[in-house]
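Here's the structure, in structure tokens; my notes come after.
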């Protein structure tokens, strides 16, 4: 038994966080549905450079004022200046400065997360439309994860692998497993 008292302020924070999480989930669903309706996938194939710039500008609005100013300056003019995050930190957990490169990478990452989220949303919708549920079946899971591992082994730096790691044997075994499960491994282009 614990002698810790859960304060009403703490429990209130949990409720607020839960409401915010639910609201974020609903807004992401709305974003994905609108993206599908507009025919965009958050890439340059479906969005013009101007539209991508507008999207980046909109994403920047969630950053602190200093970070937005830094991004507007550009890489050359920012001259290594650092902009603190909302929590006041000026360096990430690896000790790297939150400079122009950090904030620009964060914008790019958010767009990639939207793209990946849209793909996942579409897969779930297709599964539901075909009479299934949102959860991946075992063959789907094997296909996706084995393909990821297969491509990771292909792209691995062999100098950094243990001496007893036989790349060819591992790849052959992956192919045998894929064949037994009824799918094909696809090598991704670099």
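Any read-out appearing in this document is the output of simple, stated calculations on the displayed coordinates, not a laboratory observation. These figures come from a predicted structure and were not determined experimentally. We place every Cβ from the backbone using ideal geometry, glycine too, and count neighbours over all the protein chains shown.
Along the Cα-to-C-beta direction of residue 183, a point sits 7 Å from the Cα; which residues of region 126-149 have their amide N less than 16 Å from that point? 126-128, 133-149, by backbone N distance to the label point. The fewest-to-most ranking of 63, 183 by surrounding Cβ atoms within 10 Å reads 183, 63.
Once both labels are positioned 7 Å from their Cα atoms along Cα-to-Cβ, the gap between residue 30 and residue 137 label points is 3.5 nm. So what is the relative contact order for the chain, in percent, with contacts set as C-alpha pairs under 8 Å and at least six apart? Reported relative contact order: 14 percent. Take every pair of alpha-carbon atoms less than 8 Å apart whose residues are at least six positions apart; their mean separation over the length of region 20-104 yields a relative contact order of 19 percent. What angle, in degrees between 0 and 90 and rounded to the nearest 10, separates the Cα long axis of helix 8-38 from the longest principal axis of the Cα atoms of the chain? Once rounded, the angle reads 60 degrees. Hey, how many Å between the Cα centroid of region 8-73 and the Cα centroid of region 128-169? A separation of 30 Å, based on Cα centres.
Quotient of the Cα radius of gyration of the chain and 2.2 N^0.38 Å, N being its number of residues: 1.38.
I need 14, 82, 4 ordered by Cβ neighbour count within 10 Å, fewest first.
The order, fewest Cβ neighbours first, is 4, 14, 82.
For the chain, the longest principal axis of the C-alpha atoms and the axis of helix 138-155 are separated by about 80°. Counting only alpha carbon atoms, the long axis of helix 167-181 and the longest principal axis of the chain meet at about 80°. Adding -39500 (n - 2.57) for every DSSP H run of four residues or longer, then dividing by how many residues the chain holds, sets the calculated 222 nm ellipticity at -21000 deg cm²/dmol. Here each label is just a point 7 Å from Cα along the line to Cβ, and for residue 37 and residue 161 those points are 4.9 nm apart. Ranking of 107, 170, 128 by neighbouring Cβ atoms within 10 Å, starting from the fewest: 128, 170, 107. Length available on full extension from residue 44 to residue 69: 0.36 nm per residue minus the Cα-Cα distance, which gives 6.5 nm.
For the pair residue 51 and residue 172, what calculated FRET efficiency results from E = 1/(1 + (r/R0)^6), where r is the Cβ-Cβ distance and R0 = 35 Å, to the nearest 0.05? FRET efficiency, residue 172 to residue 51: 0.20. With the simple model of a label 7 Å out from the Cα in the direction of the Cβ, residue 62 to residue 144 spans 2.1 nm.
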